[in-house]
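In what follows, a structure is listed as structure tokens, so that the remarks can point back to it.
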Amino acid sequence: MKVLVINAGSSSLKYQLLDMENEAVMANGIVERIGETVGKLSHKAFPDTDAEKKVVKEEEIKDHKVGMHMVLDLITGSEAGVITDPKEIDAIGHRVVQGGEAFTSACIVDGPVKTAIADNNPLAPLHNPANLMGIEVAEELFPGTPNVAVFDTEFHSSMPKKAFLYALPYDYYKELRIRRYGFHGTSHKYVSNKVAECMGKKPEEINVITVHLGNGCSMAAVAKGKCMDTSMGMTPLAGVMMGTRSGDIDPAIVTYLSETKGMSIEEIDAVLNKQSGLKGICGLNDMRDIHDAVDKGDEMAKLALDMFAYRVKKYIGAYTAVLGSIDAIVFTAGIGENDDIARAAICQDFSGLGIEMDFEKNAGRKGAPEAVHTADSKVQVWVIPTNEELQIAQEAIELLK
């Protein structure tokens, strides 16, 4: 079976076509700057195991429908095609950011599902409308092909109330749906299942802390395959320090900034989301640039790195307490997979929790699942590349079965 996975943004469209017989990527790419004067489509096709074809097109891409037409022409065309007919695609999987409390699992899209996704627009105004647009374009271009919605929040829907509620008036939860939802759920689900496989266990046999570290960062406490807590909150701003997001702060800082600097709510929100985190401390939000700066003696870059590692370490300690005991820690995403310095800083001096990293095994980038703990470590430490597209495709196939 072949599954086309789509991640539609407000002005972009990421896609990946997978052959689920062997879980191989047949084609992938991104359509960018949709609606601007000059858009861009970057496409890669893998017609066989030893070949790769690249196509880049720069032209006006009026809307998502035009962009999807371009993708379809490339997938089926002579230039870089991997199928001959769109009907070869058995399902289309869509990433949808916010499922709210309406969706606790992936589902086949129909009218009521689209209505429920739209009902959650206030909780994710930048993402859900774009995700829904991607679904509607796919329905038009692939008539009769099942569309499956997979939600970022779905994996975290198993959290108990004591974990997802904020200590605010309870009516705010009932009336306004203010609560912790969590994000990156597809990634956390994929790597928590994958580490169980790597350990020769079933997901329900182990407790895991999953550590998704990229420009956006989140962590999850996973007990026997179920998420018990996660670091992001009602929005992706909460939790650990990130590239440009502050993570957890004292909420009274918002009032203080408003009173002392005369900043509006919108200005403060922009600072917390786009000018804080690593960037706020040292002016850099790419960890590679931060390491270069540290090597040159930049004290603020060193401080940013230390703060980042410290905050992740605190969450690992907290989630160990939440779970009672842990069998493994899993690092994933851009920093988690590729940054051995950050991983080492996070796992330094963790023997009190039974975590012993093998710093030689940890060295370097990891393109495949790899254990980086010592032989006598009570808790295993793994680096596992995430694969959200594959997870979405797997869930689509399960639903069709």
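How many times 2.2 N^0.38 Å is the alpha carbon radius of gyration of the stretch 162-220?
It is 1.47.
Which cross-chain or sequence-distant (5 or more) residues have an amide H under 5 Å from the amide H of VAL5, H modelled 1.01 Å from N in plane?
Amide H neighbours of VAL5, under 5 Å, 5+ apart: GLN16, LEU17, LEU18, GLY93.
Send over a whole-number figure in Å² for the accessible area per residue of the stretch 1-143, probe 1.4 Å.
47
What ³J(HN,Hα) values, in whole Hz, does the Karplus curve 6.51 cos²θ - 1.76 cosθ + 1.60 give for the stretch 268-282 when θ = phi - 60°, with x put for Gly and Pro?
Whole-Hz 3J(HN,Hα) from phi for the stretch 268-282: 5, 4, 5, 5, 5, 8, 10, 10, 10, x, 4, 4, x, 7, 10.
Rounded to whole Hz and in sequence order, give me ³J(HN,Hα) for the stretch 140-155 from the Karplus expression 6.51 cos²θ - 1.76 cosθ + 1.60, θ = phi - 60°, writing x for Gly and Pro.
Values, residue by residue: 6, 8, 10, x, x, 8, x, 9, 10, 9, 10, 9, 4, 8, 4, 4 Hz.
What distance in nm separates the two pseudo spin-label positions at GLU136 and SER158, each 7 Å out from Cα along the beta-carbon direction?
The modelled label-to-label distance comes out at 3.5 nm.
Enter the angle in degrees (range 0 to 90, nearest 10) between the Cα long axis of helix 388-400 and the first principal axis of the Cα atoms of the chain, meaning the one along which they spread out most.
60
If r is the Cβ-Cβ distance from ASP63 to GLU360 and R0 is 56 Å, what FRET efficiency results, to the nearest 0.05?
Details: r = 52 Å, r/R0 = 0.92.
My answer for the efficiency is 0.60.
Taking amide H positions as placed in the peptide plane 1.01 Å from N, state which residues far from VAL109 in sequence (5 or more) or on other chains have amide H under 5 Å from it.
It is ASN147, VAL148, ALA149, by chain and number.
Where only protein heavy atoms count, and the probe is 1.4 Å, what is the accessible area per residue for the stretch 257-401 in Å²?
Value for the stretch 257-401: 51 Å² per residue.
Roughly speaking, what is the stretch gain from ALA344 to GLU370, that is 0.36 nm per residue apart minus the C-alpha to C-alpha distance, in nm to one decimal?
Working: separation 26, 0.36 × 26 = 9.36 nm, distance 1.46 nm.
Net length gain for the segment: 7.9 nm.
What does the charge add up to near LYS378, with Lys and Arg as +1, Asp and Glu as -1, over the other residues with Cβ less than 13 Å from its Cβ?
-3
Could you give the length gained by full extension between GLU204 and THR255, i.e. 0.36 nm per residue of separation minus their alpha carbon distance, to one decimal place?
Gain on stretching GLU204 to THR255: 13.9 nm.
Considering the dipole of the chain built from charges on the beta carbon (Lys and Arg +1, Asp and Glu -1) around the Cα centre, which of GLY324, ASN121, PRO236 is farthest to its positive end?
Selected residue: GLY324.
Compute the signed sum of charges (Lys and Arg +1, Asp and Glu -1) over the other residues within less than 11 Å, Cβ to Cβ, of ASP119.
Net charge around ASP119: +1.
Net charge around ARG343, counting only other residues with Cβ within less than 15 Å of its Cβ (Lys, Arg = +1; Asp, Glu = -1)?
-3
What value, in deg cm²/dmol to 500, does the helix sum -39500 (n - 2.57) over DSSP H runs of n ≥ 4 give at 222 nm once divided by the residues of the chain?
Calculated from helices alone, the mean residue ellipticity at 222 nm is -11000 deg cm²/dmol.
How many nm is it between the label spots at ASP286 and ALA116, if each spot is 7 Å from the Cα in line with the beta carbon?
Label at ASP286, label at ALA116, 4.1 nm between them.
Could you give the spread of the C-alpha atoms of the stretch 186-340 along their three principal axes, from largest to smallest, in whole angstroms?
Here the Cα extents, ordered largest to smallest, are 55, 37, 24 Å.
Dipole size in debye (nearest 20) for the chain around its Cα centre, Lys and Arg Cβ +1, Asp and Glu Cβ -1?
860
Of the heavy-atom accessible surface of the stretch 151-254 (probe 1.4 angstrom), what whole percent is carbon and sulfur?
Answer for the stretch 151-254 is 54 percent, counting heavy atoms of protein chains only.
Quick one: Karplus J couplings for the stretch 52-65, per residue in order, coefficients 6.51, -1.76, 1.60, θ = phi - 60°, nearest Hz, x for Gly and Pro?
For the stretch 52-65, the Karplus-derived couplings read 9, 10, 10, 9, 10, 10, 10, 6, 5, 10, 4, 7, 5, 5 Hz, x marking Gly and Pro.
Grab the Cα-Cα distance for LEU165 and SER105, subtract it from 0.36 nm times how many residues apart they are, and report the gain in nm with one decimal.
Here the answer is 19.6 nm.
Over the stretch 46-142, with every protein chain in place, what whole percent of the accessible area is carbon and sulfur at 1.4 Å, could you tell me?
50
Report the dimensions of the chain along its three principal axes from the alpha-carbon atoms, largest first, rounded to Å.
Rounded to whole Å, the extents work out to 58, 54, 45 Å.
So, with a 1.4 angstrom probe, what is the percent of accessible area on the stretch 273-323 that is carbon and sulfur?
About 51 percent, which is the carbon plus sulfur part of the accessible surface.
The values are calculated or read from the model by the stated rules, or taken from the named source; none is laboratory data. It should be emphasised that the depicted structure is a prediction, and the values quoted were computed from it without experimental measurement. Because the Cβ atoms are built from the backbone with ideal geometry, glycine has one as well, and the counts that use them run over all protein chains shown. Side chains included, ligands, DNA and RNA excluded: accessible areas come from the protein's heavy atoms. Shrake-Rupley method; radii C 1.70, N 1.55, O 1.52, S 1.80 Å.
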